[in-house]
Amino acid sequence: MTQVIERGTPLPTPQRAGGRRRSPAAAACVLGGAMAAGLGLGFLAVLVIVLWISSPYPDSGPGGALHLAAGLWLLAHGTDLVRYETLSGVPAPVGMTPLLLVALPVLLMRRAARLGSACGDGSDGDEVLPASAVFSAVTCGYLTVGSLATVYAAGGPMPADPLSAAWHVPLVAVLAAAGGVWVAKGRPLGPLPEWVPKGVRRAVARPRYALALRSGAAGALVLLGGGVLLVGASLAWHGAEVQGTFLALTGVWSGRFAVLLLALALIPNAMVWGAAYALGPGFALGAGATVTPLGFEGSAALPLPRFPLLSALPPQGPGSPVTWAVGVIPVAAGLAVGWFAVRRAREVSYGETALTAGLGSMVCGLLTAGLAGAASGPLGSRELARFGPVWWQVGGAAAAWTLAVAVPLAVAVHAWRNRPAAGTGDEWHAPGTRELRWETLRRAAGAPLVPDRAPVAAPAPVPPVPPVRPQPQPNPVPVPEPDPEPEPDPVPTPIPDPVPATPVAPPVLPVSGARVLSRRRPPL
């Protein structure tokens with residue numbers, strides 16, 4: 001029997017033999033996550049192959065280049081690599097991640113999550129996928145390719161540490177996918193789910209936490225901006241040394257291009273290092289070598305890598321007033337935290353404002369500590385086992401600097417914004433006078449707020465004046481002419497009766513400030 005389907009009616013979704021419905025939208029989300037991982041791998045593979053082809057001294061065939069590309073893709077997620085070909089024969093870990101390289105998997109995964117959320121919106125008759133289903137499908141597709149890449153990189157010159165890859169790759173995938181789904185759903189900021197404790201939901205709903213996040217992020221951005229200024233000024237100051245190191249590393253253009261790409265990928269790391277230097281703890285350049293504003297303490301025999309960014313380091317020895325001047329950067333970060341932590345509502349107390357500024361300082365410290373941890377890592381097994389800033393020292397210094405500056409500034413800005421208005425007395429905004437004003441107004445309810453005045457007597461009515469008729473004039477000497485027709489008497493113009501004057505009410509005086517004029521009783 002032929003079944004007639006009306007136009008506009010969606011077709012039924014085919015089912016499997018077991019009775020389970022097939023979901024093309026979910027399959028598309030899984031495929032999108034796998035394609036995001038494949039695109040990242042393909043981009044790095046093409047870049048490594050181009051450098052391998054242009055290199056005059058290739059160390060291995062194209063298989064080794066592809067294995068190296070897979071290792072670099074895992075390094076972009078924060079995974080530690082292991083280098084076995086060392087002079088001492090001891091495997092050396094490579095754990096410093098170029099932060100600019102992290103943007104590649106994050107952007108691709110975020111876009112895959114957004115496209116996956118758009119393909120299951122029900123516009124083409126398919127089922128609408130919830131946010132959790134899109135998130136799970138995209139993450140599963142991405143992690144499938146990630147596990148295959150980990151296995152493939154194990155046969156290369158720099159394989160990945162399996163334990164490090166087991167949690168770094170899922171962490172980046174989960175955060176990027178959650179951000180993409182959240183953006184695709186319209187950036188909802190609704191209440192927390194029901195499974196969250198009620199006390200936590202009430203606490204998070206308070207406006208102080210949103211202000212603390214905003215002020216802490218502002219402080220972290222100011223620190224990063226100061227780090228950029230420090231790095232740029234140091235590179236310009238040591239321009240000759242940087243250029244000499246860059247030209248001495250290799251003599252072929254392919255090698256110089258690779259060094260340039262690596263330096264650009266490490267620029268965000270240098271920003272964080274500059275912020276750590278301005279905060280005071282500085283950063284480590286191996287075992288026993290630390291660079292701080294107070295001085296560069298290190299061993300003269302420390303074999304630092306020859307790299308353009310490291311050529312811009314300050315000279316060894318104690319600090320100078322030029323290096324001490326970097327303390328302006330954390331002070332500016334504290335000012336930013338204190339400024340953004342103040343609410344414009346007048347009913348907020350000074351304690352609430354100080355607490356919001358303190359929470360913003362904690363947020364700034366946490367963000368700075370996370371960035372410092374991501375920008376550092378080992379580059380070897382002995383002297384270079386510590387390379388970069390120590391995350392807990394940098395985070396603590398950022399929280400202390402901003403807390404010392406932000407809280408007094410926030411309280412001062414709060415007092416300035418709630419100052420008395422211009423042109424009013426101090427007693428109007430003095431504490432405790434609001435209740436007194438309302439009590440006075442309540443007692444004076446029903447009575448005028450202006451003094452009584454003596455009633456103005458109404459003017460006496462003017463009696464009407466009778467109209468005066470004109471007297472007829474005597475006729476002149478008669479002449480022999482026909483008598484003219486007698487003229488009618490003129491109609492007198494009536495004079496209207498005067499309207500009694502209405503008594504004029506006294507003018508109402510304005511009420512100024514909180515003063516209520518007492519009612520004056522008329523004299524007896």
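Some observations on this one:
- Considering segment 85-106, and only residues there that are in contact with a strand residue (DSSP E or B) (Cβ under 7 Å, 6 or more places away or on another chain) and either part of a loop (DSSP other than H, G, I, E, B) or under 19 Å from Ala34 (Cα atoms) (or both), the residue that is most open to solvent (accessible area, probe 1.4 Å) turns out to be Pro91.
- When residues of segment 398-420 are limited to those that are among the hydrophobic types (A, V, I, L, M, F, W, C) and more than 23 Å from the chain's Cα centre (by Cα), the one least open to solvent (accessible area, probe 1.4 Å): Ala415
- Meets criteria (surrounded by 17 or more Cβ atoms within 10 Å (Cβ to Cβ) and out of contact with any helix residue (DSSP H, G or I) (no Cβ under 9 Å at 6 or more places or on another chain)) for Ala284: yes
- Filter pass, Ser361 being touching a residue at least 60 places away in the same chain (Cβ under 8 Å), part of a helix (DSSP H, G or I) and over 30 Å from Leu211 (Cα atoms): no
- Some residue of segment 290-300 being in a strand (DSSP E or B) and at positive phi: yes
- Within segment 157-200, the set of residues being touching a Ser or Thr at 6+ places or on another chain (Cβ under 6 Å) and closer than 20 Å to Val82 by Cα comprises Ala160, Ser164, Ala165, His168.
Residues are listed down the side, and each one gets a yes or a no for (1) open to solvent by less than 20 Å² (accessible area, probe 1.4 Å); (2) modelled with pLDDT under 95:
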site	(1), (2)
Phe307	no, yes
Val328	no, no
Val331	no, no
Leu367	no, no
Phe387	yes, yes
Gly396	no, no
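- With respect to (1) at positive phi; (2) surrounded by fewer than 20 Cβ atoms within 10 Å (Cβ to Cβ), the lone exception for Gly78 is condition (2).
- Selection of first residues in segment 365-376 that are assigned to a helix (DSSP H, G or I) and of second residues that are hydroxyl-bearing (Ser, Thr, Tyr), restricted to Cβ pairs under 9 Å at least 6 apart or on distinct chains, gives the following pairs, ordered by first then second residue: Gly365/Thr402; Ala374/Thr97.
- Scanning segment 46-85 for residues that are among the polar types (S, T, N, Q) and without any contact (Cβ under 8 Å) to a residue 12 or more places away in the chain yields a total of 0.
- Restricting attention to segment 130-146, the residues being closer than 15 Å to Val174 by Cβ and out of contact with any helix residue (DSSP H, G or I) (no Cβ under 7 Å at 6 or more places or on another chain) number 2.
- Just so you know, in segment 156-174 the residues that are of a type in the set (Gly, Ala, Ser) and open to solvent by less than 60 Å² (accessible area, probe 1.4 Å) include one that is farthest from the chain's Cα centre (by Cα), and it is Gly156.
- Selection from segment 378-397 of residues that are in a loop (DSSP other than H, G, I, E, B) and of a type in the set (D, E, K, R): Arg382, Arg386
The values are calculated or read from the model by the stated rules, or taken from the named source; none is laboratory data. Owing to the predicted nature of the structure, the values given are computational and were not obtained by experimental measurement. With ideal geometry, Cβ positions are generated from the backbone for all residues, glycine too; neighbour counts draw on all protein chains shown. For the accessible areas, the whole protein counts, side chains as well, though only heavy atoms, and no ligand, DNA or RNA atoms are used. Shrake-Rupley method; radii C 1.70, N 1.55, O 1.52, S 1.80 Å.
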